[in-house]
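Down below is the structure, laid out as structure tokens.
Since every read-out is calculated from the coordinates, none of them should be taken as a lab result. Just so it is clear, the structure is predicted and the values come from calculations on it, not from any experiment. Every residue, glycine as well, gets a Cβ built from its backbone with ideal geometry; the counts of neighbours run over all protein chains shown.
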Amino acid sequence: MLHFLLRRGLATAPVLLIVAIIVFLLLRMTPGDPAAAIAGDAASAQDIAQIRRQLGLEASIVHQFFSWLGDVLRGNLGYSYFYKMRVTDLIGQRLEPTLSVASLTIVLTVLIAVPMGLLAAWRRDGALDRFIMGASVLGFSVPVFVAGYLMIWLFSMQLGWLPSQGYSRVADGVGPWLRHLVLPCVTLAVMYAALIARVTRAAVSEALTEDYVRTARAKGIAEWRMLTRHALANAAVPIATVIGLSVAGLIGGVVVTETIYAIPGLGQLTVEAVLSRDYPLIQGLTLFFSLVYVVVNLLVDLSYLLLDPRIRY
Amino acid sequence: MTSLTLPGDATSAPAAARRKPSLARRLLSNGAIRIGGALLLFMVLLAVAAPWLYTMDPNAMDPGSSHLSPGSQAEFTNLGGEVFQRFFPMGTDSMGRDIWSRTAYGARISLSVGAAVAVGSIVLGLLVGMVAGYFRRLDGTIMRIMDGMMAVPGILFAIVLVAVWRPSLLTVVLAITVPEIPRVARLVRSVVLSVREEPYVEAAVALDTPTWTLMRRHILPNTVAPLIVQGTFVCAAAMLVEAVMSFLGIGLPSEVPTWGNIMSEGRAHFTAHPSTVLLPGAFLALTVLAVNMLGDGLRDTLDPKFNKRGS
């Protein structure tokens with residue numbers, strides 16, 4: 001187990017290094033002088049020279065990369081030009097809303113999508129299956145922001161059930177926190193539920209063709225028990241894999257959702273950073289999100305141990 | 001069970017085993033392909049014929065006739081001072097621009113971005129995937145780079161690229177293409193790896209076939225079916241990403257009529273005029289739906305083995 005953790009952790013190191021190189025190079029691809037871009041249009045030649053020195057742009061690009069990487073490894077992501085504060089502090093400040101939206105969305109998605117996929121696979125090619133699969137193609141195709149505005153229009157403007165804007169900290173009460181999260185999370189869950197329901201259906205359908213299912217049926221096992229104990233249990237690994245991979249899409253979705261619902265989280269911070277061309281902040285956020293993606297997928301790999309007793313690392 | 005055929009019927013029917021119908025017939029017997037194809041054809045016609053479909057200059061504005069509701073009749077004064085009566089099927093935005101005209105012209109942007117990204121990522125992904133799959137010494141390095149690229153969330157990647165370059169149609173297309181390359185490359189590589197072991201490839205190698213001829217004649221054809229399927233999903237995803245970028249104010253300049261830009265403009269006035277956001281949104285959703293249905297149908301028809309959505 002420890003051996004596996006070590007090996008798997010080491011295997012992610014090159015991926016993280018590549019990510020770091022990509023993120024570093026992204027901002028070096030700016031046409032023209034990055035110092036001029038940072039200084040803005042009103043800057044004098046002197047200001048630009050000053051920034052060049054501060055950024056160490058005089059050194060070779062390889063040298064620049066390693067000094068930047070050294071800072072990153074020490075937990076220093078630099079200073080935001082716009083907010084005049086440490087990028088790491090900014091990320092810390094804005095983490096709670098994003099974490100709330102993302103984790104609640106995943107819980108909601110799994111609760112909706114797995115039973116739907118299971119039902120679709122159970123009644124494969126039946127009316128229920130066609131309905132669920134049709135709904136999933138639709139869920140896939142409705143853009144997050146269109147779904148979001150539809151929900152604001154219906155549940156907030158027409159019915160007046162839920163707030164459409166803002167976020168309430170969990171420390172200020174769980175009730176208001178949840179009320180503010182319902183619409184954003186349902187919006188995001190539409191797309192993920194569609195994806196995960198499809199994968200669940202495919203994985204369970206495959207499991208249902210196996211001999212052990214026939215044996216279980218021959219023993220006269222209750223249908224739902226056969227579905228959950230035999231079919232779903234054996235389909236758990238691909239489902240977990242897709243949940244892990246879809247975290248990348250979830251992060252993109254969070255950026256949009258936070259903008260629609262005016263949630264002051266990391267997604268909104270990303271949009272602000274891009275609009276104000278706050279390069280260190282963009283860099284820090286991209287690195288942070290990529291790290292989250294890699295770590296989540298590492299955890300998914302670990303979950304295989306629980307989901308499938310045949311897997312031993 | 002007359003008009004709607006289930007996906008996969010054409011291949012699972014016993015008759016198909018005896019006599020395989022032509023490809024065109026198999027494709028058209030798939031309900032998802034027929035519906036998705038028809039819907040997509042409609043959108044393509046809308047894009048191509050935009051100037052003749054009761055549209056006006058998508059950028060002509062008249063502050064005097066701003067925020068008209070869909071279906072209203074009003075007097076429109078353009079910047080040249082000409083005054084004319086016009087019926088506004090989808091209303092006007094906050095600057096008094098005709099939303100129907102902007103939506104019709106917006107179809108051009110959405111569809112061309114989707115198509116360009118699909119073609120671009122397939123060409124580049126094919127190149128990378130073939131090299132990685134065939135030249136084993138490069139495989140490790142190339143695939144680690146691809147893994148690293150996949151770890152950066154796609155929309156974020158594209159947004160940052162556009163932020164760094166100046167937003168234009170070309171940079172938007174490139175920015176959406178780059179994050180899609182690793183997914184295509186992985187798919188191509190897996191096909192190459194399995195085809196390499198086939199006896200006919202070994203025979204060709206034994207006959208000293210030049211590498212280039214071998215790839216073109218024996219390996220490339222095997223990638224066509226999965227790539228067409230993957231291409232449709234890339235196209236659908238690209239249209240969504242383009243719209244998201246415009247919507248966030250990061251994509252094409254706001255005067256360019258794209259569906260995302262129309263919705264972005266309508267955002268501030270959503271409570272009073274929800275149709276400005278919801279109507280173009282419906283066009284976008286229907287187009288993406290059409291392409292996704294087409295992709296689903298193609299996957300079921302072209303390759304029954306390829307049964308999971310490319311991840």
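The distance linking segment A:162-227 with segment B:227-292 is 27 Å (Cα centroid to Cα centroid, whole angstrom).
Relative to the Cα centre, the charge distribution of chain B, modelled as +1 at Lys and Arg Cβ and -1 at Asp and Glu Cβ, gives a dipole magnitude of about 1200 debye. Measuring r between the beta carbons of A:Leu159 and A:Ser103 and using R0 = 22 Å, the FRET efficiency lands at 0.25. Taken residue by residue and averaged, Cβ atoms of other chains lying within 10 Å of the Cβ of B:284-292 number 4.
Only DSSP H runs of four or more residues enter the estimate; each adds -39500 (n - 2.57), and after division by the residues of chain B the mean residue ellipticity at 222 nm equals -21500 deg cm²/dmol.
Once both axes come from the Cα atoms, what is the angle between helix A:87-122 and the longest principal axis of chain A, in degrees from 0 to 90, rounded to 10? Tilt relative to chain A: about 20 degrees.
Relative contact order of chain A: what whole-number percent is it, with Cα pairs under 8 angstrom and at least 6 residues apart? Provide the component values of the computation, followed by the final result.
Values: 334 pairs, mean separation 76.7, N = 313.
It rounds to 25 percent for chain A.
Net charge within 13 Å of B:Tyr105 by Cβ-Cβ distance, Lys/Arg positive one each and Asp/Glu negative one each, not counting B:Tyr105 itself? Present the calculation step by step, with values, prior to reporting the outcome.
Details: positive: B:Arg97, B:Arg102, B:Arg108; negative: B:Asp57, B:Asp98, B:Glu255.
Every neighbour counted, the sum reads 0.
Listed values for segment B:30-44 are Karplus-derived 3J(HN,Hα) couplings in whole Hz (6.51 cos²θ - 1.76 cosθ + 1.60, θ = phi - 60°), namely 8, x, 5, 5, 5, 5, x, x, 5, 5, 5, 4, 4, 5, 5, and x replaces Gly and Pro. Amide H contacts for B:Met61 (H built 1.01 Å from N in the peptide plane; partners 5 or more residues away or on another chain; cut-off under 5 Å): B:Leu79.
Got the relative contact order for segment A:134-237 handy, in percent, Cα pairs under 8 Å and 6 or more residues apart? Please report the intermediate quantities before stating the final value.
Working: 73 pairs, mean separation 28.8, N = 104.
For segment A:134-237, the relative contact order is 28 percent.
Please compute the net charge surrounding B:Leu68, taking Lys and Arg as +1 and Asp and Glu as -1 over other residues with Cβ under 12 Å from its Cβ.
Details: positive: B:Arg86, B:Arg97; negative: B:Asp62, B:Glu75, B:Asp93, B:Asp98.
Computed value for this residue: -2.
Each Lys or Arg adds one and each Asp or Glu subtracts one; over the other residues with Cβ under 12 Å from the Cβ of A:Gly75, this totals 0.
Rank the residues A:Arg94, A:Arg225, B:Arg137, B:Arg267 as a footprinting-exposure proxy: fewest other Cβ atoms within 10 Å of their Cβ go first.
Values: A:Arg94 20, A:Arg225 10, B:Arg137 6, B:Arg267 16.
In order of increasing Cβ crowding within 10 Å: B:Arg137, A:Arg225, B:Arg267, A:Arg94.
Take the alpha carbon atoms of segment B:141-217, find their center, do the same for segment A:62-111, and report the distance between the two centers in whole angstrom. First find each Cα centre; the distance between them is then 29 Å.
Taken one residue at a time, the phi angles of segment A:125-132 give Karplus couplings (6.51, -1.76, 1.60, θ = phi - 60°) of 6, x, 5, 4, 4, 5, 5, 5 Hz. Gly and Pro are set to x.
The HN-Hα couplings worked out from phi for segment A:68-85 by the Karplus form 6.51 cos²θ - 1.76 cosθ + 1.60 (θ = phi - 60°) are 5, 4, x, 4, 4, 5, 7, x, 10, 9, x, 10, 6, 5, 7, 8, 6, 8 Hz, whole numbers, x standing for Gly and Pro.
Modelled spin-label separation between A:Ile61 and A:Asn76, with each label point placed 7 Å from Cα along the Cα-to-Cβ direction: 2.4 nm.
Rounded to the nearest 20 Debye, what is the dipole magnitude of the protein assembly as shown about its Cα centre when Lys and Arg each give +1 and Asp and Glu each give -1 at the C-beta? Present the calculation step by step, with values, prior to reporting the outcome.
Details: 49 positive and 39 negative charges, 421 e Å.
My answer is approximately 2020 debye.
Straightening the chain between A:Thr228 and A:Val174 buys 16.2 nm, computed as 0.36 nm per residue apart minus the Cα-Cα spacing. Working note: 222 nm ellipticity from helices only, DSSP H runs with n ≥ 4, each -39,500 (n - 2.57), summed and divided by the residues of chain A, gives -24000 deg cm²/dmol to the nearest 500. Each residue, A:Leu299 and A:Ser44, gets one label point 7 Å from its Cα in the Cβ direction; the gap between the two is 5.2 nm.
With all projection directions averaged, the alpha carbon convex hull of segment A:125-265 covers 10.8 nm². From largest to smallest, the equivalent ellipsoid semi-axes obtained for chain B from the alpha-carbon gyration tensor read 43, 25, 14 Å. The H on the amide N of B:Ser72, modeled in the peptide plane, is under 5 Å from the matching H of B:Phe88, B:Gly91, each at least 5 residues off or on a different chain.
If you wrap segment B:68-225's Cα atoms in a convex hull and average its projection over all directions, what's the area in nm²? Walk me through the intermediate numbers first.
Numbers: hull surface 55.9 nm².
Mean shadow area of the hull around the Cα atoms is 14.0 nm².
Taking 0.36 nm per residue of separation and subtracting the Cα-Cα distance, full extension of the segment from A:Arg53 to A:Leu2 would add 13.8 nm. Specify the angular offset, from 0 to 90 degrees and rounded to the nearest 10, of the alpha carbon long axis of helix B:275-302 from the longest principal axis of the alpha carbons in chain B. Helix B:275-302 and the main axis of chain B meet at about 20 degrees.
Computed from the alpha carbon atoms alone, the convex hull of segment A:218-269 holds 100 Å³ per residue.
With a cut-off of 19 Å on the backbone N, the residues of segment B:28-55 near the modelled label site 7 Å out from B:Asn78 along Cα-Cβ are B:49-55.
Three principal axis extents describe the C-alpha atoms of segment B:108-186; from largest down they are 41, 22, 16 Å.
The Cα center of segment B:21-66 and the Cα center of segment B:109-133 differ in position by 23 Å. Distances between every pair of Cα atoms in the protein assembly as shown, grouped in 10 Å steps from 0 to the bin holding the largest one, split as 3, 14, 24, 27, 20, 9, 3, 1, 0 percent.
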